[in-house]
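This report concerns only the one structure given below.
The values are calculated or read from the model by the stated rules, or taken from the named source; none is laboratory data. It should be emphasised that the depicted structure is a prediction, and the values quoted were computed from it without experimental measurement. Neighbour counts run over all protein chains shown; Cβ positions are idealised from the backbone, glycine included.
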Amino acid sequence: MEKAPINILGIETSCDETAAAVVADGKTVKSSVIASQTKLHEKYGGVVPEIASRAHIENIYPVIAEAMAQADVTEKSVHAIAVANQPGLTVALMVGVTAAKTLSFAWGKPLIAINHLHAHLQSAMLAEEGLQLPAVALIVSGGHTCLYDCESPLELKLLGRCLDDAAGEAFDKVAAILKLPYPGGPAIEEIAKDGNPGAVDFPRSMLGPDSLDFSFSGIKTAVLYHCRGQDMKGQNRVDSMSKQKIADIAASFQAAMIDVLVRKTQRAAQKVAAKTILLGGGVAANTVLRSALQQMCKSSVPTRKLLVAPKEYCTDNAVMVASLACHKYKAGLFADLTLEPKATG
Ligand code: KG4
Ligand code: ZN
């Protein structure tokens, strides 16, 4: 007799997406529902925690109900409830954690706590059967930039992280300086297609020959200086710049960011003699980054494999939460009703 699949309901509210998904056996996506709050935050140029929290409260139950309905499952056919409880905005995480604890108690189903960053990494492994080790993972999101030595989906050793602005944050802030729409990453990628990546030589902060940490605040400041003059006394000149000039700045900024991300990943890959490189997180949606990493793999160790999260699972979603939770379910790693949200992780 065929074994019944392990259905897990995943919940994600760490930032500005309210998401729920049902995934069977960690691989088969039965549903994925996302209520995006981009419209609510765009006039502020970034996520406002209180607004995010309130929108999560309004959206969470309709989103979960929709995910259950689309997957055609009931509480009886769900094996566990998984929730991203760290890292993220505490007031946002709180909404998902409270919903997950409530459902776990009411339905009598186990609760699984998921690290949001580890879940981003899982997105890159969704379609993979046998992960070739050693593997290095680059997670680039709005709040984090991390390199991990990945032993398995549940065993991750942090190799390096951002010391100031995360990669996505730098994209968002530079987009704001260039008066491009929020979120900045997709807007910069779009306009950069028409720009010259060699037009402006923005700094590449490598933090010493062996460092695997990242620092992106310098490049953001360099873009600001470029637009306002070195003494910062001038007005932001973006309004009087041609579209071509803005495209050149965007392309040059994107090239510098990608250069650093690729070189640091190569460093980490060399250090652990990686056979596989995994890429996940919102910035992983960037096509230029994806092909630059592919190129690096090809030219360094041709057998090295790059596994990239599918575009629809790069930015925040609950599929990655439910998928990673399947590994924890099989390992019996459950949380209890004292689970709390945590800003760091
Ligand atoms: O992972 P994510 O959805 O949320 C966090 O966990 O932070 O990442 C959102 C970030 C934003 O900063 C957004 O600008 C960036 O990912 N992003 C991109 C692209 N698409 C989204 N950055 C560069 N290029 C893109 N195509
Ligand atoms: Zn994220």
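Tabulated results
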| item | result |
| --- | --- |
| Inter-residue pairs, beta-carbon under 8 Å, first free of Cβ contacts under 8 Å to residues at least 24 places away in the same chain and in segment 156-174, second within 14 Å of ligand 2 (Cβ to nearest atom) and of a type outside the set (Phe, Trp, Tyr), 6+ apart | 158/146 |
| Of all residues making up segment 138-164, the number that are more than 16 Å from the chain's Cα centre (by Cα) and of a type in the set (S, T, N, Q) | 1 |
| Candidate set: segment 271-296, residues that are under 13 Å from residue 134 (Cα atoms) and away from ligand 2 (no atom under 16 Å from the Cβ); chosen: the one surrounded by the fewest Cβ atoms within 10 Å (Cβ to Cβ) | 273 |
| Residues of segment 178-187 classified as crowded, with 20+ Cβ neighbours inside 10 Å and farther than 15 Å from residue 286 by Cα, total | 2 |
| Cross-chain or 6+ apart pairs with Cβ under 7 Å, segment 118-132 first and of a type in the set (Asp, Glu), then at pLDDT 95 or above | 128/307 |
| Some residue of segment 65-81 being touching a residue at least 60 places away in the same chain (Cβ under 8 Å) and within 16 Å of ligand 1 (Cβ to nearest atom) | no |
| Only listed residue being hydrophobic (A, V, I, L, M, F, W, C), under 30 Å from residue 225 (Cα atoms) and at pLDDT 95 or above, chosen from 93, 147, 158, 103 | 147 |
| Every residue from segment 188-203 that is under 22 Å from the mean Cα position of the chain (by Cα) and either surrounded by fewer than 19 Cβ atoms within 10 Å (Cβ to Cβ) or modelled with pLDDT under 95 (or both) | 190 |
| Selection within segment 258-307 - closer than 29 Å to residue 17 by Cβ, of a type in the set (Val, Ile, Thr) and in contact (Cβ under 8 Å) with a residue 40 or more places away in the chain | 260, 265, 276, 277, 283, 287, 288 |
| Qualifying residue in segment 159-168 (condition: part of a helix (DSSP H, G or I) and either surrounded by fewer than 17 Cβ atoms within 10 Å (Cβ to Cβ) or not hydroxyl-bearing (Ser, Thr, Tyr) (or both)) | yes |
| Of all residues making up segment 126-167, the number that are away from ligand 1 (no atom under 16 Å from the Cβ) and either within 17 Å of residue 322 (Cα to Cα) or charged (D, E, K, R) (or both) | 10 |
| Candidates 19, 35 - the one that is within 20 Å of the chain's Cα centre (by Cα), surrounded by fewer than 19 Cβ atoms within 10 Å (Cβ to Cβ), part of a strand (DSSP E or B) and not charged (D, E, K, R) | 35 |
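The rows are residues; the columns are (1) modelled with pLDDT under 95; (2) within 16 Å of ligand 2 (Cβ to nearest atom); (3) closer than 17 Å to residue 146 by Cα.
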position	(1), (2), (3)
256	no, no, no
260	no, no, yes
265	no, no, yes
298	yes, no, no
318	no, yes, no
329	no, no, no
333	no, no, no
336	no, no, no
